[in-house]
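What follows is a short report on a single structure.
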Amino acid sequence: MPPFNKVLVANRGEIAIRVMKAVKEMGMKAVAVYSDADKYAPHVKYADEAYWIGPPPALESYLNIERIIDAAEKAHADAVHPGYGFLSENASFVEAVEKAGMVFIGPSASVMNRIKDKLEGKMIARKAGVPTSPGPLTPIENVDEALKIAGEIGYPIMLKAAGGGAGVGIIKVDNPSELAEAFERSKRLAYSAFGRAEIYIEKAAIKPKHIETQLIGDKYGNYVVAFERECTIQRRNQKLIEEAPSPSIKEEERKEIIEASIRFGKEINYFTLGTMEFVFSPVTREFYFLEINKRVQVEHTVTEFITGIDLVKLQIRLAAGEYLPFSQEDLKIRGHAIQFRINAEDPLNNFTPQSGYITYYKEPTGPGVRVDSGIELGSWVPPYYDPLVSKLIVYGQSRDYAIQVGLRALNDYKIGGVKTTIPLYKLILQDPDFWEGNFTTAYISEKAEYFTTKLKEEQEIQIAIAISIYNRGLMKKKKTEQKVPISTSNGKSNWKTYGIIFQSSPRVLW
């Protein structure tokens, strides 16, 4: 018996399709919402029903609670799945869904209100006996106070926005001379992103790695952790590559971080899916709580590969009031999985977001390969939203094997029309430091010059190939004209037709 009849997915792109697939497999109807920019998007076409919610800007569409609730009521939906981002961690949205008589597939509004910012999360973590980084649990008022606290806990320190997430407002400070400028910049970033200028200070980890755990709970106090994921490969505090299990921690450390995560979940009566994020130092072998993400995570896919659990289906069943169907002892790690976020960004231009139509599209296939995509041939990548267009996930019996599968799949993945992060990932997978796990959260910035040089070299080769093929087309044209002029009924010569076909060829595309 399906837990619901209809589920509205209050999101777009690849995560909307991912959730809808789970909904349909469970025997339920999937409802989409869309802005003007997404009228012809794949997630709209995939849904059983779709409702318009406003103009392209997210504030007028995907962040418009009133319009989404109105769409859900028109569709007679029983439940709402928020995906990630947008309204997924908005307590007011949860309250609106429940007031309308529908089930929110995620934690309750009361739980969200208890941990609405990072400082409150750290307070709960300390109460639950979860390790937290040294630093006060109150916002810093001014630079003088910041200098005093930084002197007490010792440099390097991190300045962080109390509200929000996604790495916005996080600045590392290595010495007192940098603090004043960094303090003001962090406050500006926090205010512009979250409408709140509160920031706080904590001790920075030495050679930090980013480790997170997949917390799962039901409404009856039962908890498990589906192990950990490593999300250390980042740029500007935004994750790029995630893998499970982590190659950086030992078995006893895995057990410790699992137990700490469950203590946190019990402290706040958390249920459905949640992600506990930690910073880990391979030098001191210490880990510190960062925050909890109260939703399905972008990188949930790697956990699904190594555990065999469909996390989205489980999330829906737990929200419907079902019991957790397994215990911690039932879970086993099987193999290794790696996820690559395929962003429409230009790695050669400081990861500038790209917008445009997809002129060529071919997904990789084969054993151990999964693609969660929000685009197809002819799709428009709009400039209004996150540049993530798809996710490539690979699996192998070991980490080395998964890397080999990943490199093959990245070489097979062809996207034309916009530049993507695929070329960068191919370089990373050939880097000995990545193979050996010798990287920190500063990996991308530290190797920026090397990656930029290699990417430019590859781009020059592609341009040379394109020019060569174009010149060959001109030569063919001249020879054809000397013999018998050939034209098509629409007035275009054959060599021009060839040239048009060539422009969409994957040989010259990122």
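No value in this document is a laboratory result; all are computed from the given coordinates. None of the values given here were measured: they were computed from a predicted structure. Cβ coordinates were reconstructed from backbone atoms using ideal geometry, including for glycine residues, and neighbour counts include every protein chain displayed.
Using the Cα atoms of the stretch 203-299 to build a convex hull, what is its mean projected area in square nanometres?
6.1 nm²
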- line: Using alpha carbon centers only, the stretch 1-77 is separated from the stretch 170-224 by a whole-angstrom value of 31 Å
query: In nm, to one decimal, how far is the modelled label at SER468 from the one at SER398, with both set 7 Å along Cα→Cβ?
result: 3.7 nm
message: Cut-off under 15 Å on the C-alpha distance; same-chain residues fewer than 8 positions from LYS172 excluded. Which aspartates and glutamates are left, in chain and number order?
response: GLU181, GLU184, GLU202, GLU446
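If packing is taken as the mean number of other Cβ atoms within 10 Å per residue, what is the order of 92-98, 103-109, highest first?
Working: 92-98: 19.4, 103-109: 23.6.
Descending mean neighbour count gives 103-109, 92-98.
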query: What full-extension length gain, to one decimal in nm, is calculated for TYR191 and TYR155 as 0.36 nm per residue of separation minus the Cα-Cα distance?
result: 10.5 nm
- prompt: Going by average Cβ neighbours within 10 Å, how do the peptides 275-283, 299-307 rank, with the highest at the top?
  reply: 299-307, 275-283
message: Could you work out the relative contact order of the chain? I mean the mean sequence separation of Cα pairs under 8 Å and 6+ apart, divided by the number of residues, in percent.
response: 13 percent
- request: Give me the compactness ratio for the chain, meaning the Cα radius of gyration over 2.2 N^0.38 Å.
  value: 1.04
- line: Low-density loop trypsin sites (Lys or Arg not before Pro), the stretch 406-472, at most 11 other Cβ within 10 Å, DSSP non-H/G/I/E/B, are none
field: Peptide ranges 433-441, 70-78 listed from the most packed, as the mean C-beta count within 10 angstrom indicates
entry: 70-78, 433-441
message: Please give the charge dipole size of the stretch 209-459, origin at the Cα centre, charges +1 on K and R Cβ atoms and -1 on D and E Cβ atoms. Round to the nearest 20 debye.
response: 400 debye
message: What whole-number distance in Å separates the alpha-carbon centres of the stretch 97-133 and the stretch 259-297?
response: 12 Å
field: Amide H contacts of PHE227 (H built 1.01 Å from N, under 5 Å, at least 5 apart or other chain)
entry: GLN214
message: As a quick test, which of the pairs LYS160/LYS250; LYS24/LYS250; LYS250/LYS426; LYS122/LYS250; LYS414/LYS476; LYS332/LYS391 have an alpha carbon distance above 31 angstrom in this structure?
response: LYS24/LYS250
task: Determine ³J(HN,Hα), in whole Hz, for all residues of the stretch 38-47 in sequence, where each value follows from phi through the Karplus function 6.51 cos²θ - 1.76 cosθ + 1.60 and θ = phi - 60°; x replaces Gly and Pro.
output: 10, 3, 10, 5, x, 5, 6, 5, 6, 5
